[in-house]
Amino acid sequence: MSSDAQSRPATSTGRRARKAVIPAAGLGTRFAPATKVVPKELLPVVDVPALEYIVAEAAREGLADVLIITGRGKSAIEDHFDAAPEIEEALERKGDKQRLSRIRRSTELARMHYTRQREARGLGDAVSYAEAFTGDESFAVLLGDDIIDERDVLLARMLDLQAETGGIVVGLIEVEGRFISLYGSIKPAGELVDGVIEIETLIEKPKPEEALSNLAVIGRYVLPPGIFDALRRTELGARGELELTDAMRVLGQDGVPIHGVVFSGRRYDTGDRQDYLRAVVRLACEHPELGADFSGWLAEFVRTLE
Ligand code: UTP
């Protein structure tokens, strides 16, 4: 470890994070065989890949530098955020200005950076690849398959809170007990006040009977630079992966404050087939061009199921 890495501050207060890290190197086994060749982060939600919604969310919050953690077989991700001159020329010839601006949007959202996780060894391992990119600054982590509807606010509150505390801030949702084993589970240190809760500790994917509460961690985090040292001090979890949840617990044990912002808006885990389908149907119904016809068809179709 370099002396530079050793001297990274555990916390950083006063300044809103300016960089985003999007881990997108997972194998997407729940969505196989679709994910054999196409990264799950690029599966389209109507006509835009899931990952573009997430980069757009980061950009809306002023996170102008975005690092995507990719892996083997995922180079199409870089291509998506690059120019596509042949398609652009074809659209120009057709005079389709609207689609032209939509295809160019992905190249204009943020300054894009990429690095490759050598093996899919867990979310904590993926985040550890961001150290040189974020340096001594706090940063946001947005999971590459977790879409938060742009009309519902979460990340802005998390960034503001983290600038105040300098510690860790995670996004939370309330889940029914039997679903907690899909998520990280938190033990509150106090009451929920105005949607914010202080966290005593947290564990990854507990059995329902071992859950610490019904509050589950979702794919939004704002982390201080001390997380990298904590990741180095964290042992592999039960799944043989380096868990981000475990590293956050280590940092919490050092006295770094951990808070959660409870989210009750629209969210889609597009790595899960059911949730992916819900996202596509819902956003298709609301789509400015497709919505009216599609929802008419859907209402008819639902009647045939009754
Ligand atoms: P998931 O656990 O949902 O991704 O990780 P996964 O491992 O691809 O899922 P399944 O269970 O096999 O279907 C959440 C996010 O973290 C990234 C994933 O790409 C996803 O965006 N991730 C996960 C990594 O970047 N590296 C990893 O080692 C694991």
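The values are calculated or read from the model by the stated rules, or taken from the named source; none is laboratory data. Just so it is clear, the model here is predicted, and its values are computed rather than measured. No Cβ is skipped: glycine too gets one built from the backbone with ideal geometry, and neighbour counts run over all protein chains shown.
How many of the residues making up region 76-99 are hydrophobic (A, V, I, L, M, F, W, C) and within 16 Å of the ligand (Cβ to nearest atom)? If you could, list the steps in order and put the result at the bottom.
Going residue by residue through region 76-99, those that are hydrophobic (A, V, I, L, M, F, W, C) are 76-77, 81, 83-84, 87, 90-91.
Subset that is within 16 Å of the ligand (Cβ to nearest atom): 76-77, 81.
Total satisfying the criteria: 3.
Going by what's in this entry, would VAL175 be described as at pLDDT 95 or above, over 17 Å from the mean Cα position of the chain (by Cα) and surrounded by 15 or more Cβ atoms within 10 Å (Cβ to Cβ)? Before you say what the answer is, go through the steps one by one.
Working: at pLDDT 95 or above: yes; over 17 Å from the mean Cα position of the chain (by Cα): yes; surrounded by 15 or more Cβ atoms within 10 Å (Cβ to Cβ): yes.
Yes, satisfied.
Provide a single number: the residues in region 115-145 that are within 8 Å of the ligand (Cβ to nearest atom) and assigned to a loop (DSSP other than H, G, I, E, B). Quick ask: steps written out before the conclusion?
Keep residues of region 115-145 that are within 8 Å of the ligand (Cβ to nearest atom), which gives 117, 119-123, 125-126, 143-145.
Now drop any that are not assigned to a loop (DSSP other than H, G, I, E, B), which leaves 117, 119-122, 143-145.
Selection size over region 115-145: 8.
Exactly one of these conditions fails for GLN98: (1) more than 24 Å from THR29 (Cβ to Cβ); (2) out of contact with any strand residue (DSSP E or B) (no Cβ under 7 Å at 6 or more places or on another chain); (3) not in a helix (DSSP H, G or I). Give me its number.
The single condition GLN98 does not satisfy is (3).
In this structure, is VAL46 touching a His at 6+ places or on another chain (Cβ under 7 Å), more than 21 Å from LEU244 (Cα to Cα) and surrounded by 12 or more Cβ atoms within 10 Å (Cβ to Cβ)?
Spelling it out, VAL46 is indeed touching a His at 6+ places or on another chain (Cβ under 7 Å), more than 21 Å from LEU244 (Cα to Cα) and surrounded by 12 or more Cβ atoms within 10 Å (Cβ to Cβ).
Given ILE186, ILE147, which one is surrounded by 18 or more Cβ atoms within 10 Å (Cβ to Cβ) and out of contact with any Leu (no Cβ under 6 Å at 6 or more places or on another chain)?
Numbers: ILE186 fails: out of contact with any Leu (no Cβ under 6 Å at 6 or more places or on another chain).
ILE147 is the lone residue from the list that is surrounded by 18 or more Cβ atoms within 10 Å (Cβ to Cβ) and out of contact with any Leu (no Cβ under 6 Å at 6 or more places or on another chain).
Residue by residue through region 34-70, note down the ones that are within 12 Å of the ligand (Cβ to nearest atom) and either within 19 Å of VAL280 (Cα to Cα) or among the aromatic types (Phe, Trp, Tyr) (or both).
Taking region 34-70 first, the residues within 12 Å of the ligand (Cβ to nearest atom) are 34-35, 39-43, 50-51, 54, 67-70.
ALA34, THR35, PRO39, LYS40, GLU41, LEU42, LEU43, ALA50, LEU51, ILE54 - these are the residues of region 34-70 that are within 12 Å of the ligand (Cβ to nearest atom) and either within 19 Å of VAL280 (Cα to Cα) or among the aromatic types (Phe, Trp, Tyr) (or both).
Looking for whichever is within 16 Å of the ligand (Cβ to nearest atom), in contact (Cβ under 8 Å) with a residue 40 or more places away in the chain and not in a helix (DSSP H, G or I) here; the options are GLY26, GLY14, GLY73. Which one fits? Break it down into steps so the answer makes sense when it comes.
Numbers: GLY14 fails: within 16 Å of the ligand (Cβ to nearest atom); GLY73 fails: in contact (Cβ under 8 Å) with a residue 40 or more places away in the chain.
Step by step, each of GLY26, GLY14, GLY73 is checked, and only GLY26 is within 16 Å of the ligand (Cβ to nearest atom), in contact (Cβ under 8 Å) with a residue 40 or more places away in the chain and not in a helix (DSSP H, G or I).
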